[in-house]
Structure formats: C-alpha cells, structure tokens
Amino acid sequence: MDTPILDFIENYIKSKTSRFHMPGHKGTDFIGCEKFDITEFDGADILYSPNGIIAKSEDNATCRFNTLHTFYSAEGSTLAIKAMLALAIQNANDRPLIFAGRNAHKAFLHASVLLDFDIKWLYPEKAESYLSAFISREYLDRELENAEKKPCAVFITSPDYLGNLADIKGLASVCKKHGVPLLVDNAHGAYLKFLSEDLHPITLGATACADSAHKTLPVLTGGAYLHIGFDAPEHFIKSARNALSLFASTSPSYLILSSLDKFNAIEDFSEKLKTCIERVGQVKKELIKKGLVIEIGEPLKIVINANASGYSGVKMASSLQKKGVMVEFYDEEFVVLMPSPYNTEEDFIKLTKCFSSFTKKPKINNGIAPIKTEVVISPKKAYFANKKEVLLKDALGEIYGEITFSCPPAVPIVCIGERLNEDAINALKKLGIKKVKIIK
Ligand SMILES: Cc1ncc(COP(=O)(O)O)c(C=O)c1O
C-alpha cells in the first residue's frame, strides 16, 4: 500500500517552501521531528472533510482492516469512543440509555457527561477483579429481553487491561437479534486483525469499534481508529466525521496521521506478530515453570497474577523497574506487560532474567472485586453539581462526585453519581484514597 500523507510531507520538506503557516517552529529542529509537523494547508487535506491525501490513506486503512469505513483519530481511542457513542445516541427519541460492561474506561464516563446519556451497568456474573467484566451472550440476551427501555447501544471493553477477550461474536449476534448496535472499546486490540485467526471486533460482527493503533501497532501515541462495521445503521458512516469533530481539536497532528499512514504500508506486520507471539508464549511458559501464575488471555499480553503467585504487584513491578524493565501497568494484584513485535530478543532475555529471583510463594489476596452501587443521579448532573471534599471514612452513604481514576487503568471502581456504600469505601481505602469529593 502507498503512503500518501507521508509522501506529501516528505515532498513538502524537499520543496524547501517557506513556512508562513502554523506551527510556530517552522520545521526547525528542536526535538528533531518538527519538519514533519505540518498543518491543514492546501494539499495537506482536512481530517474531518478529507478529499485528498487523508481520504486516500483512510481508504488504505479501510482495506487493511476490511471495514465499511475506517476513520483516523489523532487523539486516541478516547476520541473514537466519544464519537462512537455520539453516533449511537443520534436518533434517540428520549433520554438515551447505554448498556455497558462495568469495566468501562473513563473515556466512556466522560462521554456520558458530555452527551448526557444514562448508563445501565452490566455487572459480570463472576469476576475476580474490577478490571474485568465478562458478559456472556445468555446474560446479555436476558438483560435485553427484560429491559424496560431499549438501549441505544451495548458498550463492551475487549480486550480489557488484564487481557480478557469478550465473546464478541456471541454478543454481536444477541445485539443483532434485539436490533441494538454493539460498540466495542478495542483500544487494546488493534493487532487482533493481524493474527492468523482474525479476532478483530469488526470481523466478529461489532457495529463499530475504537482501536488505539498506538497501543499494539508501531504507531505514535495518539494514533487510533474508529472502525464502522458492514451492518452499521446508515447514519454511522454519514455522521462519523461530524461526531469525531464534535470532540476533536481543529489542529490534528500530522506526525500522528503520517504514522497511521505508514502502518498501512508495513506489510510484514502479521509475520512479525506471529514470531512475537511465539516468543511471548515461551516467556509465559518459563514464568509458569517458575511457579508464577499467568492469566490466560490475549496472546500479546503477559499478565502476572502477582497475588496468586504470592507477591505484591507493586513490589514486583518495582523490582522489574530496578532491573531495567518498565511494565505497562501494575497494582497490588497484577503486573501487566505489553510486548510487541518491536521488542528485541535482548528485551525478552532481560525480562526472563529479571524473574530469576521470583519463585512461587503462598497466595495472598489484595485484589479489588467489582462493586455494585446504586446510581443516584446521572454522570452529567453529578459532574456539574456543587461538591465538597470529605475524609473517605466520613463519606459512607454520600453521592460520589469524581471521575479521577488515573490512567492506567482508568477504570472507575465507583462511578460519579453513585452512592458510596461500604464495599465502595473499602475498595477506595485499598487504593490508598483518603479524601473524596461528594455531591453537596
Ligand atoms: C480500555 C481502554 N479504553 C480506552 C483507552 C483510551 O485510549 P487512548 O489512550 O488511545 O485514548 C484506554 C487507554 O489506556 C484503555 O485502556
């Protein structure tokens, strides 16, 4: 595939044109990438109404992902998720309602504040961690069958931070039966398209999904896709650019766009991915042999259940860091590593060596299970309400007023507008939180 955006920028650099346009660095090297950093001038196309190089590049991505259309986001899945939800509620007759797996990322909550939709949480039937929410097709079918009000969409996070994959095929067929779009937060799963068995949500029947290209593909941070599936309602395609531009900057980064563009031309990615997954599999086997508990899930993550292996995840991650390995995520319970085909053999050898001092010890349990709380007011009302800060110990029974869970994993344990019950207080305490904002 060709790279129209990158080619355009390279020719522009060669042309030595005087840059009397934004940005202010004028292509001068301060950090080294400035000459590639242009803006939407003549010939460079316009991200949200493209008919030139960006349109061509998106067409390439559409072919590569085999979707009805693939739209670029230069502002992560965070933007694509908001746009996807805006599309879902577009034709709602009354207050929109979304059914969502409880482990949704905070981008989803921000969307609910901005778009003012109600949420019905789908709690996992059994889940050990608040980071997971496995929803079976039977459970979703029951929920939709018995729903007092039909939702505008079902929103599922898959893969989640712990590498769990949802049954997208099953959930998509249930959604189809009930005439409800299935939206997938596939931020962690862009690479699923390139496995020998294609497990991408669009292939499996999702209506739309958001992929962070930057998380698992060789793409700069911020590069993401909004993919629209073949069975999506007509307005999803027609209104997607409007929906994206509702939340996006009018100055998209061409560094990010050219990085998305370049990925279309990386033909050996699937092959490299296959080799990487085999290597990751070997590492997992070595860690299991040492007695460490490795979660079964997507092939590109190494998720160590530190607690089940007898360790604190925080201490394990800190030990790895001291030995020169930076992990993606850790908490008291888990350590999550995200390899990619661009890790070197030296990286994998170093990683395995780092674990030489870890052997299996008796289990401990410092995890946080999903918590059921009562929704009192909508995220939007709660977000804009007057708040006061109180000590956590004094917050029992109050309405929670924050969306501040940091990233990673940015999965809210208690959601804004919900009543803080005993379980919620205990979970927040476990996270070391001492003060919380409540609604006055
Ligand atoms: C599950 C999930 N969804 C969405 C996002 C947001 O993605 P991005 O950083 O591309 O905006 C993240 C980020 O970590 C995530 O983990």
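The values are calculated or read from the model by the stated rules, or taken from the named source; none is laboratory data. What you are looking at is a predicted structure, and each value in this text was computed from that prediction instead of being measured. Glycine also receives a Cβ, built like all others from the backbone with ideal geometry; neighbour counts cover every protein chain displayed. We work out accessible area using only protein heavy atoms, side chains counted, and drop any ligands, DNA or RNA first. Shrake-Rupley method; radii C 1.70, N 1.55, O 1.52, S 1.80 Å.
The table below gives the values:
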| item | result |
| --- | --- |
| Within the chain: Cβ-based charge dipole about Cα centre, in debye rounded to nearest 20 (Lys, Arg +1; Asp, Glu -1) | 1400 debye |
| Dipole of the chain, positive end: most advanced residue of GLY76, ASN426, VAL174 [Cβ charges, Cα centre] | ASN426 |
| The chain: translational diffusion in µm²/s, Stokes-Einstein, Kirkwood Rh over Cα pairs, 4 °C, 1.567 mPa s | 56 µm²/s |
| Region 287-440: relative contact order as a whole-number percent, Cα under 8 Å and 6+ apart | 21 percent |
| Rounded, prolate or oblate (a/c below 1.5 giving rounded, otherwise prolate when a/b exceeds b/c) for region 379-439 by Cα gyration tensor | oblate |
| Among THR359, SER340, ILE371 the positive-end extreme of the charge dipole of region 337-376 (Cβ point charges) | THR359 |
| Translational diffusion coefficient (Stokes-Einstein; Kirkwood radius from C-alpha pairs) of region 269-354 at 20 °C, 1.002 mPa s, in µm²/s | 165 µm²/s |
| Sites ARG142 and LYS16, calculated FRET efficiency, Cβ-Cβ separation with R0 56 Å, nearest 0.05 | 0.30 |
| GluC sites (Glu not before Pro) restricted to region 116-223 and DSSP loop, no more than 15 other C-beta within 10 Å | GLU125, GLU148, GLU197 |
| Inter-label distance, nm, simple model (7 Å from Cα along the C-beta direction), SER356/LYS126 | 4.0 nm |
| Within the chain, percent of DSSP bridges classed antiparallel, to nearest 5 | 60 percent |
| Accessible area (Å², 1.4 Å probe, nearest 10) - VAL411 | 10 Å² |
| Protection proxy ranking of 309-319, 69-79 - average other beta-carbon atoms within 10 Å, highest first | 69-79, 309-319 |
| Carbon/sulfur fraction of accessible area - the chain, other protein chains in place, 1.4 Å, % | 52 percent |
| Where a label projected 7 Å from the Cα of LYS285 along Cα→Cβ would reach, residues of region 189-210 with amide N under 17 Å | none |
| Mean separation of Cα contacts under 8 Å (6+ apart) over length of the chain, as relative contact order % | 16 percent |
| Spacing of the two label points (7 Å from each Cα toward its C-beta) at GLU278 and GLU346, in nm | 2.3 nm |
| Efficiency of FRET between LYS393 and ASP7 - r from beta-carbon atoms, R0 45 angstrom, step 0.05 | 0.15 |
| For region 4-263, alpha-carbon Rg and Dmax in angstrom | 19.2, 65 |
| Candidates ILE413, ILE368, ILE377, ranked by Gaussian network fluctuation over the chain, Cα under 10 Å, top entry | ILE377 |
| Shape category assigned to region 255-403 from the gyration tensor of Cα positions, a/c cut at 1.5 | oblate |
| Share antiparallel - DSSP beta bridges, region 4-263, percent rounded to 5 | 40 percent |
